[in-house]
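*Asks:* There's a structure below that I have some questions on.
The values are calculated or read from the model by the stated rules, or taken from the named source; none is laboratory data. Since this is a predicted model, take the numbers as computed values, not measurements. Each accessible area value is taken on the protein alone, full model and side chains, heavy atoms only, with ligands, DNA and RNA left out. Shrake-Rupley method; radii C 1.70, N 1.55, O 1.52, S 1.80 Å.
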Amino acid sequence: MKRREEVYILRGIPGQGKSTIAATLAHSTKNDQSYAICSADYYQVNQNGDYEFRKENLGFVHRACRADFT
């Protein structure tokens, strides 16, 4: 298994472009590098594809992100 050598952590208030920056960084990697984007927002999308923040889901969301990262 290939080890990741760099980690970028993006924090900030909603709507400031963190996901866009993460996608730009990921797509700018060299072809021989792998990447993963771990975002709590991905787990807050409803069945219609709309973002729907639900505070009661935060425990699950953060555990899922941690599992994606490790």
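*Asks:* Would you mind telling me which numbered condition in (1) open to solvent by less than 80 Å² (accessible area, probe 1.4 Å); (2) assigned to a loop (DSSP other than H, G, I, E, B); (3) at pLDDT 90 or above Gln47 fails?
*Replies:* All conditions pass for Gln47, except number (1).
*Asks:* Okay, moving on. Please verify whether Asn57 is in a loop (DSSP other than H, G, I, E, B), open to solvent by 50 Å² or more (accessible area, probe 1.4 Å) and modelled with pLDDT of 85 or more, treating the condition exactly as stated.
*Replies:* Against the criterion (in a loop (DSSP other than H, G, I, E, B), open to solvent by 50 Å² or more (accessible area, probe 1.4 Å) and modelled with pLDDT of 85 or more), Asn57 does not qualify.
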